[in-house]
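Since the structure comes first, as C-alpha cells, the remarks are kept for the end.
Bear in mind that the values in this text are calculations on the coordinates, not laboratory data. Bear in mind that the values here come from a model prediction, so they are computed numbers and not experimental data. Quick reminder, even Gly has a Cβ in these numbers, built from the backbone with ideal geometry, and neighbours come from all protein chains shown.
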C-alpha cells in the first residue's frame, strides 16, 4: 500500500485494505494464496507458462523484487499523459514467459460505468485500432476501467514483446457488462471474463481447507464448486 502507483489514493487504499471484506483485501488474499501455492498460471488458464513476476497495484511482489515491468508500466502511463501522482494502477499484473495479463477485479460490484469520464479522449485518441467500434460507442457504454486497462496493457505487452490478456474477474453478475465490453475490442490481445469459481476450478486440484473456507466466507464460490473443497 505504501508504494501503490496512485500516490493521492494511497491513504484511501490503506483504509479500504484494513477491512477484510474490501475488494482490495480480497484481491490481495486470493492472489497471495495462489502465488504461495504456485497456482497462478493454472488458475488463469495458462498451465504451460512460467510465472516471471507478479505486481499488485503496479508494485512488484514479493516486496523489493526487481522487475522491469513496473518501470515500463510507469513509462507507458507517462506516454499516455497521466499525472505522476495519480497513475492508473491495475489491480493485478501477472507476467508469464510469453504473455502479460492484467486482472481487473470486481468483488461484489459490477464493472463501473462512467459515460462522462474525462480521460476517455486521452486514452482513445492514439488507440483506436485496439477497438472494433468508434470512440463514441466506447464512451456511450462507459466502461472506463476496462478501456484503460485494455489500452495500457496492450502497450505494455508490446514493449515487452509478449502477448496480452485482460482478465475481468468477478461474480456472475459481471458477465453481461464484460460481454458488452468484449464486443468492443479488436483482435489485439485477448479479453476474457472469469468468475471466482472459474479461477479456482482451473487449478484442477483440491485447495486447502483454509483457502476454501476463506472463499466461501466471502461468498466467492457458487453452488457447483463444492468439489474443490
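Laid out as a table, the results:
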item	result
Helical mean residue ellipticity (222 nm; -39500 (n - 2.57) per DSSP H run of 4+; nearest 500) of the chain	-11500 deg cm²/dmol
Relative packing of 109-119, 69-79, which averages over residues the other C-beta atoms within 10 Å, highest first	69-79, 109-119
Percent RCO, i.e. relative contact order, over the chain, from Cα pairs under 8 Å lying at least 6 residues apart	18
Max mean-square fluctuation residue, GNM over the chain, Cα-Cα springs under 10 Å, options 91, 67, 24	67
Antiparallel bridges, percent of DSSP beta bridges restricted to the chain (to nearest 5)	50
The chain: angle of helix 23-37 to the longest principal axis, Cα-based, in degrees nearest 10	60
Identified option (computed mean projected area of the Cα convex hull in nm²; candidates [x] 11.9; [y] 15.1; [z] 12.8)	[x]
Anisotropy class of the stretch 104-229 from Cα gyration tensor, a/c 1.5 cut	prolate
In degrees, nearest ten, helix 144-160 long axis to first principal axis of the chain (Cα)	90
Highest-fluctuation residue, 29, 63, 197 considered, GNM on the chain with Cα pairs under 10 Å	63
Among 158, 52, 136: highest mean-square fluctuation, GNM of the chain, C-alpha pairs under 10 Å	136
